[in-house]
Every structure is written in C-alpha cells, then in structure tokens.
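Structure first, commentary second.
The values are calculated or read from the model by the stated rules, or taken from the named source; none is laboratory data. In this text, all values refer to a predicted model and were calculated from it rather than measured experimentally. Ideal geometry is used to build each Cβ from the backbone, glycine not excepted, and the neighbour counts take in all protein chains shown. Heads up: the accessible areas ignore ligands, DNA and RNA and are worked out on the full protein's heavy atoms, side chains in. Shrake-Rupley method; radii C 1.70, N 1.55, O 1.52, S 1.80 Å.
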Amino acid sequence: MPRRRAEVATPPMAVDPGPNQLEHAPCGFLTFCDDGTLTWINQTLLGMLGYDRKELIGQHLEQIFTIPSRIFYQTHWFPLLRMQGRAEEIFLMLRTKAGGDVGALVNAVRRGEGAAAEYDCVVMRVQERQRYENELLRARQAADRAAEELRAQKRELEQANQLLQAQAEELELQQQQLHEQAIELEDAGDELRAMNEDLLAQQEEANRLRLEAEEANQAKSTFLAVMSHELRTPLNAIAGYVQLLEMGIHGPVTEPQLETFGRITRSQRHLLRLINEVLNLARIESGRVEYTREDVDVRQLVEMVSQMVDPQLRQKELRLKVELPDGLSAYADAEKVQQVIINLLTNALKFTPAGGEIRVTGDAEDGQVALRISDTGIGIPSDMLPTIFDPFVQVDAGRTRADEGSGLGLSISRDLAVGMGGSLTVESKVGVGSTFTLRLPGADGESRSNG
Ligand code: ADP
C-alpha cells in the first residue's frame, strides 16, 4: 500500500533543477572556479551588468568588480571564502559594462576542496542601501559642515565675547576715571566756593573800609571848611585893627612900631592865604567844585597871567618867554586853568634865582593840549618827585615857608587838571630847572567827550 500510494501521490520531479531554472530568479547567480574564472552567470545578473553571457563566461570574476572591490576580493573576501567555505552579506561594488557602479550584497559558498573547488554566489542588488548610504553620507557631510559652521560661529561668538569683555573693562575703567574726575571737580568746586566766599568777604570788607574812608574824608572836608571859615573872621579883624593902629587912631606910632605892624600884616596875609588854599582843596576833594567847560584860548590866558606876574618878574630880574602857537585852545574851565597857570608861574618865579629864565611852550596832539612851564631854577630832588603833588609837601619847608608857601598849590593844581579831564606832571633836575606839563582835552578833540 504504501508503495502504491507513493506511486500515485508523487509526481515526476526534476532531480537537478540546474542553472537554467535560476536564469530569471529575482537575484543574480554566478559560479566561478578556484582560479577566479567565471563558469556560469544567470540572466538576471547579466541584465544587471549589461553583458551577454558569452562576454563573461571564461573571463575572470574581477572583470565585474570595481577596483576597490577587486582589492577587497583579493585581500579579504576570497581568502575568507577559501578558508571558511562561505562568506555572507559581503558588500561588493560591481562594474557594469557601460562603466557604471552597482552595489550588491553577495552570499558565497564553496563546493569541493583545493584547486577543484567551485564557488556559488547569490548577488542581491542593494540600490536602496546605496541610496541610503549616499544620503547618510550627504547628511553626515551636511552635519560636518553644520558642525564646522557652528564651531566657526562659536569662535566668532567667543571673539565677540572677548571684544565685549574688553570693551566692558575699558568702560569700567573710563567710568572709574570719570568718577575720580568728578570727585576732583567736586573738590575744585568746593575750593572755588571757599575762595569765592573769601573774595565776597574781602569785597564786603573793602566796601566797608571805602565807605568809612569816604565818610572820614567828608568829615575832614567839612571840618576844614568850617574851621577855615571860623579862622578867616578873626584874621580879617586882626588886619582891620592893625590898619587902624597904623593910621594912628590910638595916638602917634613910632618907626619900630610901624615895622612891627608890617610884620603882623605879612603874617596875617600869609595865614589868610593858607586858609584860603586849605578851603579850596577841601572843596575840590569833597567834589563840591563845579567846572564850567568851554573852548578856552590858552595863549590868551597865559598872556593875561603874564601881565599879572610882570612886577615880580622885573623885581627878580627874570625873563619870561611865551612861545605858543596861534589858536591853541582847550576844552576846559577858563578860571580853573588860569588858577593852575598862576600857581605854576608863581612857583617858577619863587624857585628861580635872579637872572634866570621862564619859558611857556605848548602844542596840540592827539586831541590834547599840552602847556609846558619850564624854569632854570633850583629843581626838585628826584626822591621828592613822586610826592610833590601831595598836600603840604615842600622840598625845603624852612626856606619856602619864608617865601610864604603853603605846600598846597601843586596839589590843588593837579586836582583841578584831573577834574577837567587832564593831568599835571613834572620833570626836574636839581640845579638845572623844572618843567611842569599841564595837559587838557583839546577844544575840538575827541577827548572832549571823556573830559
Ligand atoms: P608852595 O609853593 O606853596 O610851597 P606848592 O604845592 O606849589 O606849594 O609846591 C610844593 C613844593 O614844590 C614847593 O614848596 C617847592 O619845594 C616845590 N616846587 C614847586 N614848584 C617848583 C619849581 N618850579 N622849582 C622848584 N621847586 C618847586
């Protein structure tokens, strides 16, 4: 039974399916000998590589490998296959007839031993794997590039960071410096404030002192004016009584008595003049003098004064030379100018020995008129020149007092000159003579407005 059943159930079976049945299998097949000669290759693989069978059978297996695969075949794959009898899932790069590359996974197995051995291989195309590998490679390259970019950006960031840090440090330093400068400035400010306060205090003190001085000056002027007035009344009375005595109203007067009356009268006049001058100075200094300014013909004034002093000139045998240009005129108070000229001429007369010469010269320049009164007199010592215009200053008090001097003439004259916008100066040499220069604003000069 079993035999019969077997005869019925088992269809006739191909014992050796042979290579031809694998011709169109869904993977490649090939067989090669121990020396690498290809002995069989299926149609699927031929199609994959673009060859005809006759082009490959009998050729060396390496023909369908790329160069790296050939090296791999010689050094690893074939020695492994030979030794172990099989090698699975080995990746090899195949070369098509047209020169293209086809990636494939190869499983190989050995049949037989030694030089008679044959090797059967299954070749599976790995298009996807190649694609994935390529993509992986591209992705890795992209990742590498990104990493490199990241590193570059990191480096840049680090540099920027360093720069920022350096700038921050610099800023901190500058801030520190500014802070120090601010402190210095504050200190300087404190110092300035203190100095300012000192200055203000000094100014206040100066103002106070000036006020005091002005008050004292005013008091002095008032005192002098009152006193002078009080003194003049009895002095005039003395003169009156002396005159009465001289006239013999109280009986006859002897010659020695007359001489004494004369001395009393001279002393009385001297005192009166002194008091008048003190009164004048006090008035000028207290600012109570008024100036009536107009165009003044200086030459005319000088000539008038010359006539007044003519008797004294003759008496002392002195020559007077007036050398003034025509039309020399000043913008001034005529009466005050006359007073100054009288003072200067009288002084020249007093301090010039008999036979000497007095010269009056003048000119106009830069809107100013200059009038010079020079003598060939005794002169003034240089150490006295800076104070000669101060009140009561006399070079030789004993001598000048004998000449009825008061030491006030120059002081009054200088104050009057200044009061009219001018000046009075002196140049002198002992034994040679002196020159007093009176400067006044010119009649039509610009300085008129300043005067
Ligand atoms: P006074 O003539 O009444 O003494 P001044 O003020 O006029 O007062 O003069 C002051 C002094 O200046 C005089 O005492 C004299 O010593 C000196 N002085 C003034 N003018 C002359 C001059 N032309 N030559 C020499 N000395 C002079």
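Here are the numbers for this structure:
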read-out	value
Where a residue in the range 379-396 is touching a residue at least 24 places away in the same chain (Cβ under 8 Å) and closer than 17 Å to Leu274 by Cα and its partner, wherever it lies, is within 9 Å of the ligand (Cβ to nearest atom) and of a type in the set (S, T, N, Q), with Cβ under 7 Å and at least six apart	Phe389/Ser411; Pro391/Ser411
Criterion violated by Phe436 - all others in (1) among the hydrophobic types (A, V, I, L, M, F, W, C); (2) open to solvent by 30 Å² or more (accessible area, probe 1.4 Å); (3) near the ligand (Cβ under 9 Å from one of its atoms); (4) at pLDDT 95 or above satisfied	(2)
Verdict on Val360 being in contact (Cβ under 8 Å) with a residue 24 or more places away in the chain, open to solvent by less than 20 Å² (accessible area, probe 1.4 Å) and more than 9 Å from the ligand (Cβ to nearest atom)	yes
Residue check for Asn280: touching a residue at least 60 places away in the same chain (Cβ under 8 Å), surrounded by 12 or more Cβ atoms within 10 Å (Cβ to Cβ) and among the polar types (S, T, N, Q)	yes
Arg263 vs. criteria within 60 Å of the chain's Cα centre (by Cα) and either in a helix (DSSP H, G or I) or away from the ligand (no atom under 16 Å from the Cβ) (or both)	no
Residue among Ser228, Ser221 that is of a type in the set (Ser, Thr, Tyr), open to solvent by less than 80 Å² (accessible area, probe 1.4 Å) and either farther than 22 Å from Gly407 by Cβ or in contact with a Ser or Thr (Cβ under 6 Å, 6 or more places away or on another chain) (or both)	Ser221
Top-ranked residue in the range 401-433 [being acidic (Asp, Glu) and closer than 13 Å to Thr346 by Cα; ranked as modelled with the lowest pLDDT]	Asp403
Candidate set from the range 363-394 (those that are within 21 Å of Ala417 (Cα to Cα) and of a type in the set (Gly, Ala, Ser)); member that is least open to solvent (accessible area, probe 1.4 Å)	Ala370
Unique match (being of a type in the set (S, T, N, Q), over 60 Å from the mean Cα position of the chain (by Cα) and more than 30 Å from Leu440 (Cα to Cα)) among Gln307, Gln203, Gln300, Gln243	Gln243
Meets criteria (touching a Gly at 6+ places or on another chain (Cβ under 6 Å) and either at pLDDT below 85 or not in a loop (DSSP other than H, G, I, E, B) (or both)) for Thr44	yes
Condition met for Arg193 (surrounded by 10 or more Cβ atoms within 10 Å (Cβ to Cβ), in contact with a strand residue (DSSP E or B) (Cβ under 6 Å, 6 or more places away or on another chain) and of a type in the set (D, E, K, R))	no
All positions within the range 362-373 that are more than 16 Å from Ser428 (Cβ to Cβ) and not charged (D, E, K, R)	Gly362, Ala364, Gly367, Gln368, Val369, Ala370, Leu371
One residue from Asp144, Asp120 being at pLDDT 95 or above and of a type outside the set (Ser, Thr, Tyr)	Asp120
